Amino acid sequence: MLQESRRKQGAPGQLEPMLNGSSQDHPPMSPQVQVQGSGERAPAPEPPPYPPPPPPCTRPRLVFHTQLAHGSPTGRIEGFTNVKELYAKIAEVFDISPSEILFCTLNSHKVDMQKLLGGQIGLEDFIFAHVRGETKEVEVTKSEDALGLTITDNGTGYAFIKRIKEGSIIDHLKTVCVGDHIEAINDQSIVGCRHYEVAKMLKELPKATPFTLRLVEPKKAFDMIGLRTKSTKSAGEGRMGSGRETLRLRSKGLATVQEAPSEFEERATRKVDDLLESYMGIRDVELAATIVEAGKDKTTPDDFAQALDSVLGDFAFPDVFLFDVWGVIGDVRNGGI
């Protein structure tokens, strides 16, 4: 009787047979233990936390709108992490080859170098792609040391003219315009060369000897035919949209969404871009921003030079340029300029 009574009370280690996995006579086992096959008790799995944690916050997809600058329907692009992938996405939307795209501008279909797409895109920016138009050749005689050209590139192998100095040799050649892609020098293709390499080639051409430039102009809409543009310095050059966040495109690594540049970063970037033009004959907002980023938290010129060499060692900047850049960053930080 005692043994029967213990069974009915659910004594430990004594289980009544259950029909279909349940029993009406016994309460369910405690969730704190479970009986293993050998009859030993083992800790039960921890119950899920209550209340359940909220799902992780995910950033919405970054979708940008785009058009061909000379006219097209509006397309949508997403999922790019650098300029090369951006061009590939645009080309896919409009069923063209990526090699057709010379450069992109933001929020303007015009050949406006102040709106040139660099390393940052505001999350609300509209992207206009300028594609290959007419090819032209022009003969130039270098009567002075400087041609009056400032070169930049699109990040995918095309160098093009960003500025023409008023009164310069090139300024007198009215067929040469800002936005023209320099495809060849004396029939030697320079596609794939960086802007600083092209600027060096032009600088090293001998004086008094004619040479030929093969240029490709951006395709223009009818209301832009015959337009000749000179780029002028502007306090707003290089600013990419008005949103608080921007998509930062990087030549190495993934693109990142970050806060828009601070006032210090914008001012320092403009000053460094001016130095790039003075020393190397190029303008490149992305390059200038990378230089400022490398130096903004450094305390000595040597630390700055080492940081810059780690990210831009291929440029082999001269020491005098680095010291001038370090001075500019310090002056802007201290409110001197």
Using per-residue counts of other Cβ atoms within 10 Å, averaged over each peptide, order 85-96, 294-305, 152-163 from highest down.
152-163, 85-96, 294-305
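Can you tell me, using C-alpha contacts under 8 Å and at least 6 residues apart, the relative contact order of segment 139-202 as a whole percent?
Numbers: 97 pairs, mean separation 21.9, N = 64.
Relative contact order here is 34 percent.
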Of Ala307, Phe317, Asn334, which is farthest towards the positive pole of segment 280-337's charge dipole, taken about the Cα centre with +1 and -1 on the beta-carbons of Lys, Arg and Asp, Glu respectively?
Asn334
Solvent-accessible area of Lys84, probe 1.4 Å, all protein chains present, reported in Å² to the nearest ten, please.
150
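So what is the relative contact order for segment 70-123, in percent, with contacts set as C-alpha pairs under 8 Å and at least six apart?
22
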Filter the cross-link list Lys174/Lys296; Lys136/Lys296; Lys115/Lys136; Lys89/Lys296; Lys136/Lys271; Lys89/Lys298 down to pairs whose alpha-carbon distance in this structure exceeds 32 Å.
Lys174/Lys296; Lys136/Lys296; Lys89/Lys296; Lys136/Lys271; Lys89/Lys298
Correct semi-axes for segment 103-170, from √(5λ) of the alpha-carbon gyration tensor and rounded to whole Å with the largest first, are 27, 14, 11
Inter-site label distance for Ala184 and Phe264 at 7 Å from Cα along Cβ, in nm:
5.0
Lys/Arg +1, Asp/Glu -1 at C-beta; segment 60-147 dipole; positive extreme among Leu123, Ile101, Val83
Leu123
For labels at Asp324 and Thr135 in the simple 7 Å Cα→Cβ model, what's the distance in nm?
3.7
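The values are calculated or read from the model by the stated rules, or taken from the named source; none is laboratory data. In this text, all values refer to a predicted model and were calculated from it rather than measured experimentally. Reconstructed Cβ throughout: ideal geometry from the backbone, glycine too, with neighbour counts over all protein chains shown. Note: areas computed on protein heavy atoms with side chains; ligands, DNA, RNA excluded. Shrake-Rupley method; radii C 1.70, N 1.55, O 1.52, S 1.80 Å.
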